[in-house]
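The values are calculated or read from the model by the stated rules, or taken from the named source; none is laboratory data. Note that the structure is a prediction, hence the values are computed from the model and not measured. All Cβ positions, glycine included, derive from the backbone under ideal geometry; neighbour counts span all protein chains shown. We work out accessible area using only protein heavy atoms, side chains counted, and drop any ligands, DNA or RNA first. Shrake-Rupley method; radii C 1.70, N 1.55, O 1.52, S 1.80 Å.
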Amino acid sequence: GLLPTQVHRLLWIFVTNAPIIAVIGVPFKYSGEKKILGIWDAPEWYFYSTFLYHNHWCAFALLAVAGAFALLAVSRGKWMRGGLLVAAIIIAASAPFSISRLGTLTMVLFGTWSAVQLCRLQRMSPIVVAQGRNLSGAFVGVILGLSIIAGGSAYLSRMNMRAGGPRSWAGLSTQNPFGIRGALLEDTLLMIKDKPLFGCGLGAYAAAFQDYQRTETRGGIDGGGITRYD
């Protein structure tokens with residue numbers, strides 16, 4: 001029931017908010033302290049969008065990048081478009097900081113697709129002025145966005161800050177490799193083969209899967225004990 005102008009304003013609020021949260025989140029991730037900018041306690045640190053809850057953050061970030069590209073497609077001023085590119089790059093760069101494999105991959109694919117669509121739009125849309133006049137703002141936006149992320153990360157690394165939260169790229173590759181998910185899928189396919197029509201009953205997966213689950217996936221994946229899936 002919103003008018004186009006209202007949707008436009010809501011997108012601007014959203015796209016302005018998301019990169020601010022992303023920039024605040026980077027030092028939170030590096031410092032390992034549950035404080036905003038290392039000063040103020042986060043009211044609910046685990047769900048604070050500083051990438052500790054990585055998959056949820058990436059879903060939010062992907063939506064924000066989509067909003068930035070939507071505004072980019074209809075904005076007239078070259079410096080406004082440059083600013084939107086800065087915001088989009090900062091938000092997108094937060095995906096690998098969140099240590100989310102699927103979020104990072106999705107962000108790369110979406111960014112590539114969006115760039116292709118924007119190039120097509122620039123050639124077709126009467127809204128956009130001559131291409132040469134828009135390249136300067138776009139170039140500055142891309143460089144500035146990358147500089148903010150790269151410069152901030154380099155500074156925090158030189159301060160000998162460690163990555164906070166329970167996940168890191170190095171740990172993720174050994175503690176939760178893609179192979180484990182493949183093994184779970186293979187074992188589940190054996191269940192489907194045995195009972196392809198009616199299955200094991202509603203809500204019975206967790207109990208039935210234990211008879212099919214291989215030994216390598218039974219323990220140590222999430223810190224100890226017997227690992228069960230439902």
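Total residues in the stretch 209-230 satisfying the condition of being open to solvent by 70 Å² or more (accessible area, probe 1.4 Å), at pLDDT below 80 and closer than 20 Å to Leu190 by Cβ: the figure is 5. Going through the stretch 167-186 one residue at a time, which ones are modelled with pLDDT of 75 or more and open to solvent by less than 40 Å² (accessible area, probe 1.4 Å)? Residues satisfying the conditions are Ile180, Gly182, Ala183, Leu184. If only residues of the stretch 199-208 that are outside any loop (DSSP other than H, G, I, E, B) and more than 31 Å from the chain's Cα centre (by Cα) are counted, the one that is surrounded by the fewest Cβ atoms within 10 Å (Cβ to Cβ) is Ala207.
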